[in-house]
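Below you'll find the structure, written out as C-alpha cells, and then a few comments.
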Amino acid sequence: MFAQAFRSRDACFTVLARHNGLDHPRLGLAISRKIARSAVARNRLKRLIRESFRHAQARLAGIDLVVMGRPSVTSLANGELFSSLEQHWNRLVKRSAPKR
C-alpha cells in the first residue's frame, strides 16, 4: 500500500504518507520495542503522536500516515517531539498539495 508513499524523515521519526481518497486523515503507528524498550516509553510516544495528529487533522485531510520511531526518540522531551511532528505535518501537507 505504501509503495508510492512520500516520506518525511528526521532524527526522531520517519513518516510515510499517501493519499487515501477520503475526506479525513488516518494515522498508523509503528513504535517497536527495539526503539522504546519499556511499555511506558512506547505508550508515551504513541500518546504524543496521537495528540499532535489530533491538532493537525484539519490540515491533513485525505492522507494516510504511518509514523515510525527512530532510535533517538525516547531521550527527547515532549516539546521537542511535538516540534518534530509539527515539521513533518507541514512538510507532508506541502508535498501532498495538488500540482499546478
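The values are calculated or read from the model by the stated rules, or taken from the named source; none is laboratory data. Since the structure is predicted, the reported quantities are computational estimates derived from the model, not experimental observations. So basically every Cβ, Gly included, is an ideal-geometry build from the backbone, and we count neighbours across all protein chains shown.
Worth a mention:
- Within region 29-50, tally of residues that are surrounded by 13 or more Cβ atoms within 10 Å (Cβ to Cβ) and part of a strand (DSSP E or B): 1
- Within the span defined as region 62-71, one or more residues are assigned to a loop (DSSP other than H, G, I, E, B), touching a strand residue (DSSP E or B) at 6+ places or on another chain (Cβ under 8 Å) and surrounded by 13 or more Cβ atoms within 10 Å (Cβ to Cβ).
- Any pair with Cβ under 6 angstrom, 6 or more apart, that starts in region 65-86 at a residue that is of a type in the set (A, V, I, L, M) and ends at one that is in a loop (DSSP other than H, G, I, E, B) and buried (at least 18 other Cβ atoms within 10 Å of the Cβ): 73/12
- Verdict on residue 95 being modelled with pLDDT under 90, under 15 Å from residue 8 (Cα atoms) and not in a loop (DSSP other than H, G, I, E, B): yes
- Residue in region 33-51 that is among the hydroxyl-bearing types (Ser, Thr, Tyr), touching a residue at least 24 places away in the same chain (Cβ under 8 Å) and farther than 16 Å from residue 97 by Cβ present: no
- Only listed residue being in contact with a Ser or Thr (Cβ under 8 Å, 6 or more places away or on another chain) and of a type in the set (Lys, Arg), chosen from 91, 50: 91
- Scanning region 38-61 for residues that are touching a strand residue (DSSP E or B) at 6+ places or on another chain (Cβ under 8 Å), aliphatic (A, V, I, L, M) and more than 13 Å from residue 26 (Cα to Cα) gives a single hit, 45.
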